[in-house]
Amino acid sequence: MNLQSAMHPAGPDGERIAALSWLLFGGGGAIFVLVMVLVLVAVVGGRWERRLLGSRRAIVVGGIAFPVVVLTALLLHTLGLARAIGLPLAGGEPPLRIEVVGHQFWWEMRYPGTLPDGGIVTANEIRIPTGRDVMLEVTSADVIHSLWIPALHGKIDMIPGLVNHRRIRADEPGVLRGQCTEFCGAQHAMMAFYVMAQTPEDFAAWLDQQRLPAAEPDRPILALGRQVFGAAGCGGCHAVRGTEWNARIGPDLTHVGSRLSLGAGVLENHRGTLAGWIAGSQDLKPGNRMPSFAAALDGQELRAVAAWLESLK
Amino acid sequence: MTPPDTAGDALRHDAPLPNPLPRPPDELPRLERIWRSPRGWAFPWTEVNNNWIGVLYLGTAGLFCVLAVILSLLMRAQLAVPGNDLLDQETYNQVFTTHGTMMMFLFAVPAVEALGVYLLPAMLAARDLPFPRLSAYAYWAYAVGGLGFFTSLFFGLAPNGGWFMYPPLTSHEYSPGINADFWLLGIGFIEISAIAGAVEIVVGILRNRAPGMTLARMPLFAWAMLVFAVMIIFAFPAVIWATVLLELERAFDWPFFLPDRGGDPLLRQHLFWFFGHPEVYIIFLPAAGAVSMIVPAMVQTRMVGYGLVAMALVATGFLSFGLWVHHMYATGIPSLSLAFFSGASFAVSVPTGIQVFAWIATIASGKPKLHVPMLFVFGFLFIFVLGGLTGVMVAIVPFDWQAHDTYFIVAHLHYVLIGGMVFPLLAGLYYWAPSAAGWRLSVRLGKWVFWLLFLGVNLTFFPMHISGLIGMPRRVWTYPEGMGLEVWNMLSTASAAVSALGVLLLLVDLARNFRMSPGGPADNPFNAATLEWLPQGNYAARSIPRITSREPLWDQPDLAEQVRQGRHFLPGTVTGLRETLVTSPVEARPQYVAIIPGPAWAHFIAALCTAGFFLSLTVKLLWLAGIFGTVAVSAILYWLWTGTDLGPVVDRADIGGGLCLPVYVSGPDSVSWWAMVVLLLVDGTVFACLGFTHAFLWLSNGDAQWPPPGMGVPEVAFPLGSLALLAGCAGLLWLAGRLLRQGRARAMGGVVLLALPLFLLALGLDLHAVWQAGIRPTLHAFGAATFANQFWQGLHGLMVATMALYLAARAFAGLIDPVRRITFDNVRIFWLYALAQAAAGLCLTHLLPRALGTG
């Protein structure tokens, strides 16, 4: 099962667009075959067919009347469809708002109103409840990006100075993939994210978990990791809620251990990949904004900081 | 000048041939001597003849195409397998940007323009287009500038922001290197060279047709080139303006596109696509025109639906300006306007449908022979129809939200451009090569080239529809395993190699079988109907034929022989200089014999230095740019002084058939006046883009921020003062015209020198006014927009100053009199335009904020 395919929809709007796509492929394919057959007939057809095809009337019928009729019908159909896509899906319940901010080359997701003084902030994954409308409010902190979750909906540009909206909904629990689709610089290719659709109960539980501040280290290696994090200057860019670090340049790491991927979809997320990313992020994703720390940290420190981050579930 | 009364009689199809036999023995040798190409070291640098410039132009465009194909092979190699590290991300990003930029700006547009420059004179039976040195200048500037641009790749300095260069990614903060400047300055001025070509083509088509070739008898290729050139005139200014704005932002920190200071990144997208969508049709229409010439010759019958096709070409030109937003469906534009642009995008497919069915009808009513050009026409129909159908799909908003910026679009655009432009161009190459080289290219190799390219292109690009829809965005330097993309990418890469083999074989064919033979074709190998198949020399046809139908070579069976014998109009040269016959725009009645320039160095040096000027600016060598700029302007002035506005060299020219025409005409009948008016259309379109910039940024900021707090609107006395100065200047220009009519040319020169300071003072006063009101270009988009107007007006001040001094110098040198006055007319038209534009600029700066009640 492809997680990032417009032809494998996982939500009502994705399904509508996929159905439209099949209609277009079928109709377009039929017209293509028809025109090619007419070309063939024009070359090798019998006297009668060729005379019919060789008239000015054939041009008026084939080149004007036919496209005008077909395209008018198609326009009416698609305008109706576009209207349907714009209407609210679920009755009653207001959509869940999620703010998504594009950065070179990662995604910041905010859930406004989930904390007394704002909302939880996460990165590179969108968790949504199934069966409920979700309104993505997208913008950018630097250059233009574009958010695309093909299984759920088409793309919407993330433009600095402007907030755009895209309403999505997932039918079933599961993991989907999305990616940046507006060229945004060196690592545009490695700017992906995951969408995790959960049952409303699981989603609520995840939200509760995310509301908590970062856990205090309960083992020496984790305490060392926390210390290394500060000494290496990680807090200059990253925030960890519940600690002294609250910078907003890189992803919020409060619950980084609970996420599906590292580096915006580049790596799986566990202690080993965390250490690898910290040591060599410029080798894994050259040109991204995080420096490699291989020279700054020794093996012990690297293991410790990776362990601490992994523990931030 | 009204055409002589006898023209009607001389053009009748039953009138006797204009010139009797035998011809004077020295007539043909004299014609050949005057039109001879430069020899030795001077060739081809000083050459201006369209046959040579056209072929050089095409060859250079072909070279850039091959280079860009090599870049595409690099990309396909990189994408063959997931996670490949053949190219790193920075190199890949430079390669794909350069590939797209070169294909659009250095190959596609120049190639079709070159086809026009090469074919049009022969097809219209003109000796040459009216401004051959301008064509040559445009060609050399393009060739040198294009090579300079490509070279940037070897230094890692090539642009890396994608061929549409969206800010803020391309703004200084996110692209601090000079890579983006290579795009802006390197490509920006090549756009100017495309405009120069378009001016030449519009005026040439409307004023240089064979007598009797009314608009209704004009070959469809000429119709297509006319629409093409008019579209360039209205589309290219938008991209030039977008380029100017981005470069001003990068160089001087004027925040047109930066939202934190009132700018809007979408401004660039609107301006770019207002150019970028017509661009597709700018590339396609000439190719479609070529197909409309090739098909009738291949099937030996007249084009069915000529009128419908001509109408379709014009309609495409109009409609294509109304759908730029379909490149911006995902930018969050309100759905009502999306519906409008969706409908407009559908509408533009109707004229294309008309053309497709007209070709099918023509094929059906003739006897198709599978010559190589016809194979390419069939390949064109297959690929282009498929690309057109996916075009309808992406015009539909919800579908486009999925397809946009994925490999589906990569597939679609290559189907449209390769199908719609490259295959017709190759059909044209195999079809028209005999007219330049004297014999045909290899039939055997040609068939190989066709099949390799046809299969290669389809198997490369068809899979991309699938890889796009199953999740592959465009412009990615790599992609992960396990998304199902591996097999489609491998197929695309393998098939790209097949296409490359086709390109290689084509080059082999050209190397073995294409030799320029200035004598022209001995015969008409495909028995075609149009005038480019007349016996040709550098001077085109020996005598300018009198035309009575759309297919003269079929309807006037002895025409070729008559033309060769010199029995039609202007069989030799009257003035002993290069000449071309100027006819009326609709009826093509002979009006006058225009003297046109021959080989020279000035335009070549000017082109070299123009390219040098922009390239030095790019690498920030200002002193070198200063030297290049000075030499370029001096060379242009020398070229104008020595080569233009020669005056009535002889009193009257007898071109035969009782037609005695003047050899010098001024005012609205002269081609020079037409060219100036066309140029002002370009200029006015840029100014309209400036107005759009103001309006768009105002709407984006809201009334309260226009102007923003801290910036005022200057006292009303300032603009009134400027207006008074402009009016005074206009009055002096009126006086200058009156003095010239009275024959007092030197006094006219003096008045012009008085008018110039008034104009410059008006501009300077406005600059002072905005500055003292606290308006600064770097603080807010309002200031940037205000100063963009100042910049544009200042540029016109500089141009008017140069022209005025040149005019005064000509007047004092005794080179202007009441008859010989084209220089005066042209300077005055331009100047009056500049005055009107300055007044309109005052309205933008002073009236708009007041009208909003915020000033």
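Here the condition is being in contact with a strand residue (DSSP E or B) (Cβ under 6 Å, 6 or more places away or on another chain) and aromatic (Phe, Trp, Tyr); of B:592, B:638, it holds for B:592 alone. Taking the numbered list (1) more than 22 Å from residue B:785 (Cα to Cα); (2) in contact with a Lys or Arg (Cβ under 9 Å, 6 or more places away or on another chain); (3) of a type in the set (D, E, K, R); (4) crowded, with 22+ Cβ neighbours inside 10 Å in turn, residue B:181 passes all entries but (1).
Going by what's in this entry, would residue A:162 be described as crowded, with 18+ Cβ neighbours inside 10 Å and in a loop (DSSP other than H, G, I, E, B)?
Working: crowded, with 18+ Cβ neighbours inside 10 Å: yes; in a loop (DSSP other than H, G, I, E, B): yes.
Here the answer is yes, as residue A:162 does meet what is asked.
Out of the helices (runs of 4 or more DSSP H) lying entirely within region B:347-412, which hold 1 or more residues that are under 27 Å from the mean Cα position of the chain (by Cα), more than 8 Å from chain A (Cβ to nearest Cβ) and among the aromatic types (Phe, Trp, Tyr)?
Working: elements: B:349-365, B:372-394, B:397-403.
Qualifying helices (runs of 4 or more DSSP H): B:349-365, B:372-394.
The residue that is nearest to the other protein chains (Cβ to nearest Cβ), among those in region A:32-42 that are surrounded by fewer than 18 Cβ atoms within 10 Å (Cβ to Cβ) and out of contact with any Phe, Trp or Tyr (no Cβ under 8 Å at 6 or more places or on another chain), is A:32.
Among the numbered conditions (1) out of contact with any Phe, Trp or Tyr (no Cβ under 7 Å at 6 or more places or on another chain); (2) modelled with pLDDT of 95 or more; (3) at the interface with chain B (Cβ under 7 Å from one of its Cβ atoms); (4) surrounded by fewer than 16 Cβ atoms within 10 Å (Cβ to Cβ), the only one that residue A:69 does not meet is (3).
Each row is one residue, and each column tells you yes or no for (1) touching a residue at least 12 places away in the same chain (Cβ under 8 Å); (2) closer than 30 Å to residue B:204 by Cβ; (3) in contact with a helix residue (DSSP H, G or I) (Cβ under 9 Å, 6 or more places away or on another chain); (4) surrounded by fewer than 20 Cβ atoms within 10 Å (Cβ to Cβ).
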site: B:685; (1), (2), (3), (4): yes, yes, yes, yes
site: B:689; (1), (2), (3), (4): yes, yes, yes, no
site: B:693; (1), (2), (3), (4): yes, no, yes, no
site: B:705; (1), (2), (3), (4): yes, no, yes, yes
site: B:708; (1), (2), (3), (4): yes, no, yes, yes
site: B:718; (1), (2), (3), (4): yes, no, yes, no
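Answer yes if at least one residue in region B:54-67 is assigned to a helix (DSSP H, G or I), of a type in the set (Val, Ile, Thr), surrounded by 15 or more Cβ atoms within 10 Å (Cβ to Cβ) and at pLDDT below 95, and no otherwise. Yes.
Residues checked against (1) touching a Gly at 6+ places or on another chain (Cβ under 6 Å); (2) of a type in the set (Val, Ile, Thr); (3) more than 18 Å from residue B:507 (Cα to Cα):
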{"residue": "B:54", "(1), (2), (3)": "no, no, yes"}
{"residue": "B:63", "(1), (2), (3)": "no, no, no"}
{"residue": "B:73", "(1), (2), (3)": "no, no, no"}
{"residue": "B:76", "(1), (2), (3)": "no, no, yes"}
{"residue": "B:79", "(1), (2), (3)": "no, no, yes"}
{"residue": "B:82", "(1), (2), (3)": "no, no, yes"}
{"residue": "B:91", "(1), (2), (3)": "no, yes, yes"}
{"residue": "B:94", "(1), (2), (3)": "no, no, yes"}
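Can you spot a residue in region A:86-98 that is facing another protein chain (nearest Cβ under 8 Å) and exposed (fewer than 13 other Cβ atoms within 10 Å of the Cβ)? Yes - at least one qualifying residue is present in region A:86-98. Residue-level check: of (1) surrounded by 18 or more Cβ atoms within 10 Å (Cβ to Cβ); (2) within 14 Å of another protein chain (Cβ to nearest Cβ), residue A:125 misses just (2). Pull up region B:192-215, narrow it to residues that are part of a helix (DSSP H, G or I) and within 13 Å of residue B:585 (Cβ to Cβ), then point me to the one that is nearest to the chain's Cα centre (by Cα). Step by step, filter region B:192-215, then rank; the result is B:202. Scan region B:142-153 and tell me whether some residue there is touching a Lys or Arg at 6+ places or on another chain (Cβ under 9 Å) and either at pLDDT below 95 or of a type in the set (D, E, K, R) (or both). No: zero hits. Can you find a residue that is without any contact (Cβ under 8 Å) to a residue 60 or more places away in the chain and in contact with a strand residue (DSSP E or B) (Cβ under 9 Å, 6 or more places away or on another chain) anywhere in region B:330-350? Among the residues of region B:330-350, at least one is without any contact (Cβ under 8 Å) to a residue 60 or more places away in the chain and in contact with a strand residue (DSSP E or B) (Cβ under 9 Å, 6 or more places away or on another chain), which makes the answer yes. If the condition is being aromatic (Phe, Trp, Tyr) and touching a strand residue (DSSP E or B) at 6+ places or on another chain (Cβ under 6 Å), then region A:154-213 contributes A:193, A:194, A:203, A:206.
The values are calculated or read from the model by the stated rules, or taken from the named source; none is laboratory data. If you're wondering where the values come from, they're calculated on a predicted model, not measured in any experiment. Virtual Cβ from ideal backbone geometry, glycine too; neighbours counted across all protein chains shown.
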